[in-house]
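Asks: Let me begin by handing over the structure; questions about it come next.
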Amino acid sequence: MEQPLKNKVALITGAGQGIGQGIAYSLAKRGARVVAVGRTLEKCEHTVTIIGERFGLDALALGCDIAHLDALPKLVDQTIDRFGRLDILVNNAVSTKVKPLLAVDINEFEKGLRVGPMATLRLMQLAQPHLKAHGDGSIINLASTAAMRWDASNYGIYAAEKEAIRALTRAAACEWGPDGIRTNVILPHAKSPALAAWAEHRPEEAAAFVKSIPLQRIGECEADIGEFVALLCCPESRYINGQTIAADGGQANLG
């Protein structure tokens, strides 16, 4: 296939499995050189190995718990040291719990905020000068439709983390658009390890969840979510900025 992202460099958090891995494959398919970041280095190395086997591209695996915000500058520095540029930032990593508000430990909530909106903001700040350098940078943040659920019980902290990311996305789109940086957020449903664990823990809720999706299925990490993210990063989407897009088979009505 054509490679509209040839010579571009993409840094992706949570790229060792699930949605982040699917996005890594789809971007590499279009020629992007991928920096796969995750807490477990071995998983990221596996992603990099598969990229080499499938697409013949050089990629970089970096182990990092992004809850440690002081470690984030090194991720960007290592990316620039290896590839000389940074064109695409995908903030995908997440750490949260689904539980009633009265059962939430404030330290647990704080960690979710660090991994979610705080790490997202910090990486956006660090990446901004590099994304600006060539006038066509792209940021893709991942959020959720959790705040739009008909019943938000048990999803309060998860929704709060993700809604903060949506707000940061819109602000970046407005502030950095003049610099040629596009910032969008997607709300995905995909067959990730996290979703599989949720479905196993809440089978009845999971079954009802699938029935509420007009397409009657959960998306594939690469074929559905990764391919769409790649499209958002390509020149054909150069006028799409500041948008919240549900990649969920039609379940959410964003109005």
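Where a number appears in this text, it was derived from the coordinates with a stated rule and is not lab data. Note that the structure is predicted; figures quoted are calculated from it, not measured. Note that we place each Cβ from the backbone using ideal geometry, even for glycine, and neighbour counts take in every protein chain shown.
Asks: Only residues that are farther than 15 Å from GLN3 by Cα, surrounded by fewer than 17 Cβ atoms within 10 Å (Cβ to Cβ) and of a type in the set (D, E, K, R): list them for the stretch 217-236, please.
Replies: Across the stretch 217-236, the qualifying residues are ARG217, GLU220.
Asks: While we're on this one: Hey, ILE245 hits all of (1) touching a residue at least 60 places away in the same chain (Cβ under 8 Å); (2) part of a helix (DSSP H, G or I) but one; which does it fall short on?
Replies: (2)
Asks: Can you tell me which of ILE165, ILE181 is among the aliphatic types (A, V, I, L, M), over 21 Å from LEU254 (Cβ atoms), crowded, with 17+ Cβ neighbours inside 10 Å and touching a Gly at 6+ places or on another chain (Cβ under 8 Å)?
Replies: The conditions single out ILE181.
Asks: Any chance you could count how many residues in the stretch 15-38 are buried (at least 24 other Cβ atoms within 10 Å of the Cβ), in a loop (DSSP other than H, G, I, E, B) and out of contact with any strand residue (DSSP E or B) (no Cβ under 6 Å at 6 or more places or on another chain)?
Replies: 0
Asks: Residue under question is LYS132, and the condition is that it be over 16 Å from the mean Cα position of the chain (by Cα), part of a helix (DSSP H, G or I) and within 26 Å of GLN243 (Cα to Cα); does it hold?
Replies: yes
Asks: Which one of the conditions (1) among the aliphatic types (A, V, I, L, M); (2) in contact (Cβ under 8 Å) with a residue 12 or more places away in the chain; (3) within 24 Å of LYS132 (Cβ to Cβ) does ALA71 fail to meet, given that it meets all the rest?
Replies: Failed condition: (2).
Asks: Any idea how many residues of the stretch 80-105 are in a helix (DSSP H, G or I) and of a type in the set (A, V, I, L, M, F, W, C)?
Replies: Here the count works out to 5.
Asks: What pairs come out if I take residues in the stretch 193-205 that are more than 20 Å from CYS221 (Cβ to Cβ) and pair them with residues that are assigned to a helix (DSSP H, G or I) and not polar (S, T, N, Q) whose C-beta lies under 9 Å away, six or more apart or interchain?
Replies: ARG202/PHE209; GLU205/TRP198; GLU205/ALA199
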